[in-house]
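For reference, the structure discussed in these notes is given below.
The values are calculated or read from the model by the stated rules, or taken from the named source; none is laboratory data. Quick caveat, the model's predicted, so the values are computed rather than measured. Positions of Cβ are generated from backbone atoms using ideal geometry, with glycine treated the same way; all protein chains shown enter the neighbour counts.
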Amino acid sequence: MSRSALPFHAVETFLVTARHLNLTHAARELCLTQGAVSRQIAALEAWFGFPLFARHARGLHLSPQGSALYPELQSAFGRLIAVAEQARQQQTVVRLKAPTCAIRWLVPRLVAIERRHPELQIALTTTTEHSVNFRTEPYDAAIVFGTHHSVGDLLFEEALTPVCNGILTGDNMLNDVTFLHPTRDKTDWSLWLAAFSPEAPLLMRKNQHFDTMDLAITAAMQGLGVAMADATLVAEDVRAGRLARPFTLSVKTGASYRLVVRSSQSKADGLARFREELVNPA
């Protein structure tokens with residue numbers, strides 16, 4: 001037999017026989033006759049040019065060459081099976097649109113989803129937009145944000161709370177801070193301050209404005225001031241000590257983050273798994 005024609009079917013036969021050290025048991029597992037197992041072992045021995053088994057009255061034993069070869073072939077065959085199984089699975093690419101402000105919350109969850117479901121590949125596009133139009137945009141799913149959304153699945157409701165990179169001290173903790181605003185106006189801070197001190201609203205003397213909440217949060221981490229942020233979006237940063245919440249008060253705005261998914265027959269199963277994992281994580 002030519003060296004270029006390794007009888008691959010006989011490799012599995014050798015591995016099963018080496019595990020059982022019994023032709024009858026190997027034949028039963030492989031759904032072959034005992035004679036067919038013997039012929040495949042003989043063909044593999046002819047290809048290698050040395051015996052793989054030593055045959056005794058009480059059964060089979062691996063030859064020295066067979067003993068050395070067995071773990072190597074077992075490992076290689078296992079890798080081959082794994083690669084084949086992975087290739088056999090149909091991978092679904094989920095094109096996801098998400099607002100930049102949600103990235104702190106979203107990315108760890110996407111990583112976890114891809115680890116649990118390697119057949120899903122999530123192609124993330126970030127944007128400052130808070131809506132999606134599946135008729136004109138090439139996305140399979142999107143996270144939308146607003147006060148009047150009722151479509152899709154609720155991820156979480158916006159609840160505003162101040163964050164900074166340390167603990168504020170003093171009786172009038174907010175008198176001398178720089179207020180970091182996640183928008184070009186003061187709406188979010190004004191809403192929270194009205195709930196915090198309804199009798200005597202605090203004046204915001206020093207202010208910095210940002211285009212997104214994520215930028216305001218990053219500035220707070222760097223010590224620029226106190227940012228108004230969503231409690232859910234910064235929860236992991238607070239737990240990790242990257243941010244501090246100097247006040248327990250959080251104020252709901254009536255807005256929420258929701259997941260919407262395009263109807264797609266070709267990706268129905270993959271999108272259903274993605275939706276279930278993001279909306280109802282294990």
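Going through the range 15-29 one residue at a time, which ones are in contact (Cβ under 8 Å) with a residue 12 or more places away in the chain and more than 20 Å from P71 (Cβ to Cβ)?
Of everything in the range 15-29, just one residue is in contact (Cβ under 8 Å) with a residue 12 or more places away in the chain and more than 20 Å from P71 (Cβ to Cβ), namely L23.
Answer yes or no as to whether S256 is in contact (Cβ under 8 Å) with a residue 12 or more places away in the chain and under 30 Å from D140 (Cβ atoms).
Yes.
Going residue by residue through the range 156-164, is there one that turns out to be farther than 18 Å from P99 by Cβ, among the β-branched types (V, I, T) and either at pLDDT 95 or above or out of contact with any strand residue (DSSP E or B) (no Cβ under 8 Å at 6 or more places or on another chain) (or both)?
Yes.
Do we find that P118 is at pLDDT below 95 and assigned to a helix (DSSP H, G or I) in this structure?
no
Just to check your reading of the model, which residue among L60, L52 is at pLDDT below 90 and over 30 Å from T126 (Cβ atoms)?
L60
Taking the stated definitions as given, is T161 surrounded by fewer than 19 Cβ atoms within 10 Å (Cβ to Cβ) and of a type in the set (S, T, Y)?
No; evaluated as a whole, the condition is false for this residue.
Kindly state which strands (runs of 3 or more DSSP E) lie completely within the range 172-282 and contain at least 2 residues that are surrounded by fewer than 16 Cβ atoms within 10 Å (Cβ to Cβ).
Output list reads 206-209, 251-261.
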